[in-house]
Amino acid sequence: METQQEIIKVQKLVKRYGDFTAVDGSEFSVHNGEVFGLLGPNGAGKTTTLEMLVGLRKPDEGTAIVGGFDITKELDKVKEVIGVQLQSTTLFELLTVDEILHLYGSFYREHISIPELIDDMLLTEKKNSRIKGLSGGQKQRLAIALALVHDPQIIFLDEPTTGLDPQARRTLWDIILRLKERGKTVVLTTHYMDEAHVLCDRIAIMDQGKLIALDTPSELVRNLQSDSAVEFKFNDEVDLALAEIDGVKQVGSQKDVHVLYTDDLQRTLTSLIAIASEKQLKLVDLQTRTATLEDVFIHMTGRRLREG
Amino acid sequence: MRSYYLLTLAQLRIFLRNRQVLFWTLAFPIVLMVMLGSFLGNGNGVSITAAVVDQDKSEQSKNLVKEMEKNEAVSLEKSSNEKDVLDQLKQGDLTLVITIPKGYGENLAAGNRADPFKLPVYYNETNMAMSQVGLQLVDNAVDTISKKSVSYEPVVITESKGVEALNLRYIDFLVPGIVAMMIMSNNMNGVAGQISSWRERGILRRMQGTTLKASTFIAAQITARFMLNGLQAMIVLAVAWAAFGIEVRGSWLTVIAFVTLGTLAFMAIGFIIAGIAKTPESAGPIAGFLSFPMLFLGGVFFPIRDMPEFLQPFVQILPIAHLSHALRETMNVGASFLDLGMEAMILGGWLIGAFIVASFTFKWE
């Protein structure tokens, strides 16, 4: 693990749209064979970063080396070693699964066996169906199949599970983990915490165009320095110094929902209930849980990943 | 090379599987052609229905009826009841009624030159124009008979000659125009709509993420559309042949050459529109803005010389004007490709100019 080979090296990437800076000097590396997650709320610059890496957008400043090639100078070579699944892509709806895979296969110098790829992506039954009639999960698996058709080293997946039902998401997770077993490097964006936790070896958290943290999921949670979170609401608006409750290390409050982070769940809970009784406040929706990546995000940005 | 072949095949499959588009892009020109062709197709077809009442029933009267029947412009019906046919004349069902009274044959045989036999011809004054034409035709027939009876030798005769030495009807004019119209709307409007919608839906972006070259993509588009156009043009020509007996008098190669040139020129314009249009919804109106003036001014339905003088210079540079003219010359007159060098050059100019502009305005996303 010590001598990990850098397969992607991002160097101070900047992308501006008018006055708005979508990506503001991102710098990170992706190791060969890992699943790397770009995590952040909508508009954080995840997709823009990914699209610059695959050559769909030109960076205003900085560059990146992908699979040994510079994205600003050797884009054609980059495209040969990467596979891309884009957010909200539609395909030629009147073609069949088999036809479009052969078509995309022909865009590259070589491609892998299409029937095997169809089997791998669990699309065997839909082989001769038109794309129009596929379900959301099937379409997404087809999009990943298209990314794999030329057997690339690095695979970019932009929000692969957004909009899918839980079962379809799990199927897709299995597929991504299988890719990792085969030694592929996967870079994916997501705003689902559980997904990042299950899939990713390392996670880069982005917010407002900036990279604000980069580590393994467990290390990110550990840095929160708290094991547990207590989440609740009060019935009425109250002005209460929550940080003074026993055992509380950090307070994350958002609108009317309060989150207390603590290492000593029992002491904090007892103290909270005592204070609430004393001041005659009613606690609503009280729950306790182990701290997660979601909490890391709230802690770092003061906001939730997905609003509302 | 394989990607070129598969992309062409994919585009053809998309065409063939989109039955509705396929049907309506073909139904529109055919219905338009059949409709306009049936209403106006026979051009100067003034038809006159006349009735003849032969009361004489002699050799000479039969000769006169035969002479009148020779003229194709008159449909002649024979009747024995003069009163009946005069009633029909009053109602406007007949244009003329000619009565050959008893004694016509005898009188003619006697050959009384001083007092020519008077043949009563009835007409309805409310329909003067038609009646005049009909009277003229009857006069001709009668004139021929009287000339024959006196063995008249003409000193001067007229010989009518069409300049094109062809008998051209409106439908002959229309069919090449319809083919030109179809090429224009399928390519210009079709490319503009399809490409801008593929762009909007991210189809082009996804392909941009592969090693596919834009030139391969465009070449495949051109090939597939050319094949589809060729097929549709053949179907329209086949219907024209079956319904109206329209033939291609010139070389098929010349027709194919102009169908190709037209396809390419209008596709290039379509690519420009696709580049300019921000959304697929705006591509339609932009294409319509260009295609409607071309339909009405470009010599599709009406000859360009009928256009007002001040529009002439404008009309003369429209690509459709040259496409429809070239197709017309080939199909109607049988002009060769070399005779149509000017048209080929102007279309070629449009093609090159439009592709240059398109290469600057084209966007993958």
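Rounded, prolate or oblate, given the Cα gyration tensor of the stretch B:211-324, with a/c below 1.5 counting as rounded?
Since a/c reaches 1.5 but b/c is at least a/b, the shape of the stretch B:211-324 is classed as oblate.
In what sequence, highest mean first, do A:235-246, A:59-70, B:123-134 appear when ranked by Cβ atoms within 10 angstrom? Can you show the working numbers first?
Values: A:235-246: 11.3, A:59-70: 18.2, B:123-134: 14.4.
Output ranking for A:235-246, A:59-70, B:123-134: A:59-70, B:123-134, A:235-246.
Against the longest principal axis of chain B, how steep is helix B:128-149, in degrees 0 to 90 to the nearest 10, with axes from Cα atoms?
Helix B:128-149 sits at roughly 50 degrees to that axis.
Provide a whole-number value for the mean count of partner chain Cβ atoms within 10 Å of the Cβ atoms in peptide B:20-33.
0
Could you grab the relative contact order for the stretch B:48-149? Cα pairs under 8 Å, six or more apart, rounded to a whole percent.
Here the relative contact order equals 34 percent.
Simple spin-label model, 7 Å along Cα-to-Cβ: A:ILE212 to B:SER151 in nm?
12.2 nm
Cβ neighbours within 10 Å, averaged per peptide: list B:250-263, B:81-94 in order, most packed at the top.
Per-residue Cβ counts within 10 Å, averaged per peptide and sorted highest first, yield B:250-263, B:81-94.
Taking 0.36 nm per residue of separation and subtracting the Cα-Cα distance, what length does fully extending B:LYS83 through B:ARG2 add?
21.0 nm
Set the Förster radius R0 to 30 Å, insert the Cβ-Cβ distance between B:ALA219 and B:ARG17 as r into 1/(1 + (r/R0)^6), and round the FRET efficiency to 0.05.
In this case the efficiency is close to 0.85.
For chain B, set up a Gaussian network in which alpha carbons nearer than 10 Å are linked by springs, and say which option among B:ALA233, B:ALA224, B:ALA214 fluctuates the most.
Taking springs between Cα atoms under 10 Å, the residue moving most is B:ALA214.
Among bridges DSSP assigns within the stretch A:6-220, what percent are antiparallel (round to 5)?
Rounded to the nearest five, the antiparallel share is 55 percent.
Would you tell me the mean number of C-beta atoms belonging to other protein chains that fall within 10 Å of each C-beta in B:192-205, as a whole number? Walk me through the numbers before you get to the answer.
Numbers: counts 0, 0, 0, 0, 0, 1, 2, 0, 1, 6, 6, 5, 0, 6.
Averaged over the peptide's residues, the number is 2.
Averaged across A:56-66, how many Cβ atoms of other chains sit within 10 Å of each residue's Cβ atom? If you can, show how the numbers build up before the last one.
Working: counts 6, 1, 0, 0, 0, 0, 0, 0, 0, 0, 0.
The shielding value for this peptide is 1.
Tell me the net charge near B:PHE244. Cut-off is 12 Å between Cβ atoms, B:PHE244 excluded, with +1 for each Lys or Arg and -1 for each Asp or Glu.
On the way: positive: B:ARG169; negative: B:ASP172, B:GLU247.
Within the 12 Å Cβ shell, the charges total -1.
Assuming R0 = 56 Å, can you tell me the calculated FRET efficiency for the pair A:ASP119 and A:GLN287, based on Cβ-Cβ distance, to the nearest 0.05?
According to the calculation, E is roughly 0.80.
Any chance you could count the Lys pairs in the stretch A:211-301 whose alpha carbons are under 18 Å apart, treating pairs 8 or more apart or on different chains as valid?
Going through the stretch A:211-301 pair by pair, I get 4.
Spin-label point model (7 Å from Cα, Cβ direction): what's the B:GLN316 to A:GLU110 distance in nm?
Label at B:GLN316, label at A:GLU110, 6.2 nm between them.
What helices in chain A pass both tests, a Cα length along the helix axis of 15 Å or more and a mean Kyte hydropathy of -0.5 or higher, using whole DSSP H runs?
Span-like helices in chain A: A:136-148, A:265-278.
With each label point set 7 Å from Cα along the Cα-Cβ vector, what nm distance links A:ILE273 and A:ALA241?
Here the answer is 2.5 nm between the modelled labels.
Among residues other than A:GLY62 whose Cβ falls under 14 Å from its Cβ, what is the net charge (Lys/Arg +1, Asp/Glu -1)?
For residues surrounding A:GLY62, the net value is +3.
Enumerate the lysines that A:LYS127 could reach by cross-link, defined here as Cα to Cα under 24 Å, with residues fewer than 8 away along the same chain left out.
Filter leaves A:LYS139.
Give the aspartates and glutamates reachable from B:LYS66 as a straight Cα distance under 15 Å; neighbours fewer than 8 places away on the same chain don't count.
B:ASP54, B:ASP56, B:GLU77, B:ASP139, B:ASP143
Relative contact order, percent, of chain A when contacts are C-alpha pairs under 8 Å separated by at least 6 residues?
19 percent
If you average the sequence gap of Cα pairs under 8 Å that are 6 or more apart and divide by the length of chain B, what percent do you get for the contact order?
Details: 450 pairs, mean separation 73.9, N = 365.
Here the relative contact order equals 20 percent.
Over the stretch A:6-220, how many percent of alpha carbon pairs lie in each 10 Å bin up to the one with the longest distance?
All Cα pairs, binned at 10 Å, distribute as 8, 35, 36, 18, 2 percent.
Between B:ILE276, B:VAL31, B:PRO293, whose Cα lies farthest towards the positive end of the dipole of chain B when Lys and Arg beta carbons carry +1 and Asp and Glu beta carbons carry -1, centred on the Cα centre?
B:ILE276
In the stretch A:74-99, which residues have a backbone nitrogen under 14 Å from the label point lying 7 Å from A:ASP165's Cα in the Cα-to-Cβ direction?
Counting only backbone N, you get no residues.
Looking only at the protein assembly as shown, where both bridge partners belong to it, what percent of the DSSP beta bridges are antiparallel (to the nearest 5)?
About 60 percent, rounded to the nearest 5.
Quick note: the coordinates plus some simple rules give every number you see, no bench work behind them. None of these values were measured; they are calculated from a predicted model. Glycine gets a Cβ as well: all are built from the backbone with ideal geometry, and neighbour counts include every protein chain shown.
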